[in-house]
């Protein structure tokens, strides 16, 4: 395939699977999609390496975009500091912040933070370097340039804000199997973000989750936007709206909505 081809492979890395979906041509139309199960046996990330190798072999696209499920990612909000100069100092501070919460586990994480308007809080994310290494090795083995590797929460929020640019205030809840991210935005700036592990997602009540977060954050104002791949959670409360990621950017309705995050990546 020509290196100038706009065709791209989009991957979503989950704890138990790799979801692959292709977008073809300059109009980025749907090509094909496949799910690769991840074996839990062997060394750490070995199952993901095998699944990624199969995906790269089955899809000939040279360009690859990757979305990482939030089960692999840890987030921290970094308030603005006038005494820090440049991204290197913020990176060092971010590592100290993660280490203060997660201890030596943070030693094996790649930590990045977004850019922001001076005075605003930064969002920092930490990802296991071992997983990124397996991803890079699998791509490099077949000469596949990686265009991006982004956390799922960031992909979801960016897609929502691109579709609804006026959405700059209020609570945001992003659901994935086994985990929920709950955040609060004020004038487009982060004020609160926390991850919750959901052992039984079916029994999880979004309004109860939100009530708990509002108490912890000390913030009980603002509307609520739920983000997800599929139907709206049954909350039945005024001021709540749901954004289905599978309804954005021409996502092919004939396939499983679980691929929506990869499609938007």
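Points to keep in mind about this one:
- Between helix 86-102 and the chain there is an angle of about 80 degrees, using the helix long axis and the longest principal axis of the Cα atoms.
- Separation between Cα centres of segment 129-168 and segment 53-79, rounded to whole Å: 5 Å
- Relative contact order for the chain: 18 percent, from Cα pairs under 8 Å spaced at least 6 residues apart, divided by residue count.
- Direction-averaged projected area, Cα convex hull, segment 66-156: 6.6 nm², rounded to one decimal.
- Bridge orientation summary for segment 153-264: considering DSSP beta bridges with both residues in this region, about 60 percent are antiparallel.
- Projected area averaged over orientations for segment 153-264, convex hull of C-alpha atoms, nm²: 6.8 nm²
- The chain: antiparallel DSSP beta bridges as a percent of all, rounded to 5: 65 percent
- Relative contact order, percent, segment 153-264 [alpha-carbon distance under 8 Å, six or more residues apart]: 24 percent
- Rounded tilt (10° steps) of 152-163 against the dominant C-alpha axis of the chain: 80 degrees
- Measuring nothing but how far apart in sequence close Cα pairs (under 8 Å, 6+ apart) lie, relative to its length, segment 1-100 scores a relative contact order of 28 percent.
- Most mobile listed residue (166, 156, 17) in the chain, GNM with C-alpha springs under 10 Å: 166
- Calculated percent of Cα pairs over 33 Å apart (choose from (1) 34; (2) 26; (3) 22), label: (3)
- Computed from Cα atoms, the angle from the helix 206-217 axis to the main principal axis of the chain rounds to 60 degrees.
All of the numbers you see were taken from the coordinates with simple rules; none came from a lab. On a predicted model such as this, the values are computed, not experimentally measured, just so you know.
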